[in-house]
Amino acid sequence: MPRTTPSFAFILAACALIGCAAEPDRSASLPTAPVAFKEADSRAPRLAAALPENGAWWKVFGDPVLDDLVERSDRGSWTIRLAAARLERAKAGLKAAEAARMPLVTANANASRQDGPLTNAAGTSGNLFIGSMNLSYEVDLFGRLAKETDAAALDAAERAALLRGARLVTQADVAQTYFSIRAIDMERAILRGAMDSQRETLKLMEGLVRSGLAAELATIRLVAETESIEAEARTLDRRRAELEHGLALLVGEPASGFALAETAWSPTLPEIPAGIPSSVLIRRPDVAAAHQAMLAAQKRVGAARDSWLPTLSLTGVGGLASSALTTLLSASSAGALGVGALLALPLFDGGRYQARVDRADAELDESVARNGQQILVAFKDVEDQLAALRVLRGQSAVLAQATASSARTTRMVESNYRSGLSSQLELLDARRSELRNRRQALQVEAGRVQATVGLVRALGGGWGDISDRTQAAARP
């Protein structure tokens with residue numbers, strides 16, 4: 001046996017070891033989950049809402065109109081369609097990576113005319129027809145093709161997570177936009193009630209002015225106050241129209257043909273527990289997608305480092321040749337069969353290999369940074385919504401008392417005004433104060449609903465603890 005054989009075997013073994021150690025792991029540098037959420041309110045009620053089946057979290061609000069809008073958005077949202085198309089493209093990339101590990105068989109047909117001594121040693125001319133089949137196959141000696149396939153599979157998993165994220169974001173946007181419209185409807189109803197009250201007082205005052213029992217200045221004040229309230233109502237009309245158009249976009253329908261009828265709305269506020277922080281990293285699609293992207297980048301670093309290792313390609317060719325097309329497939333045709341193997345090892349590439357490795361390393365660093373940032377954003381989102389709910393809960397209690405007090409004050413001033421014991425300015429001031437408190441109380445309640453939806457979105461579309469089986473199934 002030649003003396004070079006052990007050296008060649010040693011080179012292959014060393015290359016195999018290099019290939020096995022070429023895939024880095026950067027997960028240790030990622031932020032860790034805290035023990036508990038800082039902004040969780042220990043005084044909040046503990047009657048948590050049960051998560052509906054199939055993760056339809058929006059059903060806890062008990063609003064059939066919202067249920068219909070979310071279902072329509074799932075069917076018609078172009079954002080969801082775009083994410084679904086990107087998932088299909090990633091799946092096609094996975095199929096291409098898997099196909100690269102399979103043999104390639106091609107059929108060839110060639111027809112040529114031979115004429116003269118340059119092409120035919122006998123100096124004769126004639127036709128030549130050749131039919132052949134070629135087979136090529138790259139043996140995955142060191143797992144480079146397997147790494148590329150794994151990376152493509154992780155790309156598909158990332159896109160699947162992004163599709164879930166697109167659905168969650170669209171559902172949350174639909175819910176928050178819908179609740180904003182309903183809050184505006186309630187606020188417009190409050191303003192309409194205030195305008196009706198002002199108009200009744202204005203009619204009474206106009207009668208007193210005509211009888212000479214009141215000055216015209218009192219009428220002017222009431223008219224100005226009424227017009228001011230009406231101007232605010234028109235501002236709400238414009239805002240409602242904008243939100244309605246935005247809701248049409250979310251459900252994937254033209255704004256020109258979309259309308260949401262005004263109806264009475266009494267918001268139900270379900271209690272959504274934050275659960276444990278680690279559950280957020282399992283549920284949130286954006287965190288899962290960033291994690292899958294990081295794992296794919298790790299695989300590509302390994303594949304880039306393996307590109308310097310030897311490659312082994314197997315080839316085979318078989319065919320027939322004849323001077324006449326009609327006899328190409330007959331027994332008289334000349335046949336040929338060949339097999340080959342090519343072992344290639346790059347020796348000098350002008351820095352191409354190192355450039356590929358450096359680029360893969362940089363892309364891995366980028367994906368690790370993106371993953372770490374996404375983890376911190378997830379915890380920030382939850383803390384923000386928990387803080388909002390805690391503060392708004394306190395504001396709601398204070399404003400409820402303020403609204404009740406201002407309503408009693410208005411009733412007393414109105415009674416005194418009719419008896420001549422209070423002035424018109426006192427009446428207008430009392431009504432203005434009550435209107436302000438009622439609107440603020442409504443806005444706080446609407447804010448609590450918005451923050452509740454925001455918390456569900458921050459938690460990844462679910463809440464509470466996750467069982468070990470669920471964690472294993474959902475873990476990236």
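The values are calculated or read from the model by the stated rules, or taken from the named source; none is laboratory data. Being a predicted model, the structure only gives us computed values, none of them experimental. Positions of Cβ are generated from backbone atoms using ideal geometry, with glycine treated the same way; all protein chains shown enter the neighbour counts.
The residues of segment 60-75 include none that are surrounded by fewer than 16 Cβ atoms within 10 Å (Cβ to Cβ), closer than 15 Å to Ala248 by Cβ and among the small types (Gly, Ala, Ser). In segment 214-230, the residues that are farther than 14 Å from Leu425 by Cα form Cβ pairs under 7 Å with partners that are small (Gly, Ala, Ser), at six or more places apart or across chains, as follows: Ile229/Ala194.
Output yes when any residue across segment 420-431 is hydroxyl-bearing (Ser, Thr, Tyr) and assigned to a helix (DSSP H, G or I), and no when none is. No: zero hits. Being under 18 Å from Leu191 (Cα atoms) and touching a helix residue (DSSP H, G or I) at 6+ places or on another chain (Cβ under 8 Å) holds for only one residue in Arg432, Arg448, and it is Arg432. For first residues located in segment 49-61 and within 13 Å of Glu71 (Cα to Cα) and assigned by TED's automatic domain parsing to the domain that holds Phe179, partners that are surrounded by fewer than 18 Cβ atoms within 10 Å (Cβ to Cβ) and of a type outside the set (Val, Ile, Thr) and lie 6+ apart or on another chain with Cβ distances below 6 Å form the pairs Lys59/Pro52.
Answer yes or no as to whether Glu363 is touching an Asp or Glu at 6+ places or on another chain (Cβ under 7 Å), at pLDDT 90 or above and assigned to a helix (DSSP H, G or I). No, not satisfied. Just one of the listed residues (Leu392, Leu386, Leu364) is of a type in the set (A, V, I, L, M, F, W, C), over 22 Å from Gly447 (Cα atoms) and under 28 Å from the mean Cα position of the chain (by Cα), and it is Leu364. Being loosely packed, with under 15 Cβ neighbours inside 10 Å and hydrophobic (A, V, I, L, M, F, W, C) is true of Ala264. Considering Ser132, Ser136, the condition of being of a type in the set (S, T, N, Q), at pLDDT below 85, within 19 Å of Leu314 (Cα to Cα) and surrounded by 11 or more Cβ atoms within 10 Å (Cβ to Cβ) is satisfied by Ser132 alone.
For segment 181-240, a tally of residues being within 25 Å of Thr263 (Cβ to Cβ) and of a type in the set (D, E, K, R) returns 14.
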